[in-house]
Structures are given as structure tokens and as C-alpha cells.
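> Before I ask anything, here is the structure I am working with.
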Amino acid sequence: MSDKPSLYLETTIPSYLAARTSNNIIIAGRQAITHEFWETERHNFNLYVSDVVYEECSAGDPVVAKRRLEYLNDIAILNSTPDVKLLAETYMQILSIPYRSRADAFHLAICCINEIDYLLSWNCTHLGVESMLTAQKYNDEHGYSTPIMVTPDGVVNKYTEVDFNA
């Protein structure tokens, strides 16, 4: 058994890594910190992605999709099992995640079913603090683990993570 914590890379991570540097200062900053995470911190974790991440990274411009997928080489893949699908459907309901954003529910469900320690993402729209607290309550009542939702700056700077298991 590994002594490294497990970390799930949500789709925004390879997307920020593969994109051209943005003219938007906030996005450019996120891209820079994501690259810093990739260069300095990723080796401190057992990394995971899912079939959902692969599907999302494969979409769009084929050249950019290829770059996104290259970042996923050698990372373990977790699949959307029937248990994951059922839990994702539950999250969509209790967290009010719209159908068009169902991948967010799948990312969380995959982490919970597989007992992943951290969910790394820049996408906190549907998995922000309130949603994660709601998911934590549901998970505690139904015997699921809940990952710590963190952004790359939280890992690099080691101060912005939120532990919903505390």
C-alpha cells in the first residue's frame, strides 16, 4: 500500500496545462499555478483520472485535445461503474447540478466510490463549499467517503484546502 495520498485530476487540470496562455490575467494565473503543481507537486500523490475526464479531454479541437490527453499518460483510470452512476444521479438531485453539468456529479461520485483523498479542480461552480458540505452530510449518512476539494494553488501553497471530513 502506498504512503502517498490519492488525488483525482478533474478535467480543468489537463485543460489548463494544455491551453495557450490566456490574455485574461485570472486564467493566466491559474494556468501558471497549474503548471507549478504539475512540475513540483504531482509526484507527491497517486494520481487518478476517469473515463469521464478522458471523454471531456477528447472533445473539441483535435490538436488541443491531443495535448490534453498527453498529460493523462501513465495516470490510473477509474471507470464509471453502476454504483458511480447511481451516486452521480443522487448528487445531481441533492446538489441541484443541471444535466448539462452532470460530469461534475460524476467526478465527485467517482472520488467517493473509490475513496480518493483529494479532488483537484478549478471548477468550483457545482462543487463549491456549500455543495461539498451537502455531499459530506449525505456521504456520512450513507457510508461514503468524501474527498477534500482543492485547487492547484491549495496544493502548491498548502493553505487553501478545505477538509470536509474534519
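> Would you call Gly29 closer than 21 Å to Asp104 by Cα and surrounded by fewer than 17 Cβ atoms within 10 Å (Cβ to Cβ)? Steps first, answer last, please.
On the way: closer than 21 Å to Asp104 by Cα: no; surrounded by fewer than 17 Cβ atoms within 10 Å (Cβ to Cβ): yes.
For Gly29, the condition - closer than 21 Å to Asp104 by Cα and surrounded by fewer than 17 Cβ atoms within 10 Å (Cβ to Cβ) - is not met.
> Does segment 95-144 hold any residues that are surrounded by fewer than 22 Cβ atoms within 10 Å (Cβ to Cβ), assigned to a helix (DSSP H, G or I) and among the charged types (D, E, K, R), and which are they?
Correct list: Arg100, Arg102, Glu130, Lys137, Asp140, Glu141.
> Is it the case, given these coordinates, that Thr90 is surrounded by fewer than 18 Cβ atoms within 10 Å (Cβ to Cβ) and of a type in the set (S, T, N, Q)?
On the way: surrounded by fewer than 18 Cβ atoms within 10 Å (Cβ to Cβ): yes; of a type in the set (S, T, N, Q): yes.
Considered against the rule, which asks whether it is surrounded by fewer than 18 Cβ atoms within 10 Å (Cβ to Cβ) and of a type in the set (S, T, N, Q), Thr90 comes out as yes.
> Of (1) under 22 Å from Ser6 (Cβ atoms); (2) part of a loop (DSSP other than H, G, I, E, B); (3) under 14 Å from the mean Cα position of the chain (by Cα), Glu56 satisfies all except one. Which?
(2)
> When you scan segment 59-94, how many residues do you find that are assigned to a helix (DSSP H, G or I) and closer than 14 Å to Glu10 by Cα?
Step one: of segment 59-94, the residues assigned to a helix (DSSP H, G or I) are 62-70, 82-94.
Filter once more, keeping what is closer than 14 Å to Glu10 by Cα: 68-69.
Going through segment 59-94 one residue at a time, the tally reaches 2.
> From Leu47, Leu17, grab the single residue that is surrounded by 13 or more Cβ atoms within 10 Å (Cβ to Cβ), in contact (Cβ under 8 Å) with a residue 12 or more places away in the chain and not in a helix (DSSP H, G or I). Quick ask: steps written out before the conclusion?
Numbers: Leu17 fails: not in a helix (DSSP H, G or I).
Leu47 is the lone residue from the list that is surrounded by 13 or more Cβ atoms within 10 Å (Cβ to Cβ), in contact (Cβ under 8 Å) with a residue 12 or more places away in the chain and not in a helix (DSSP H, G or I).
Coordinate-derived values only; no laboratory data. Computed from a prediction, not measured in an experiment: that's the story for all the values here. No Cβ is skipped: glycine too gets one built from the backbone with ideal geometry, and neighbour counts run over all protein chains shown.
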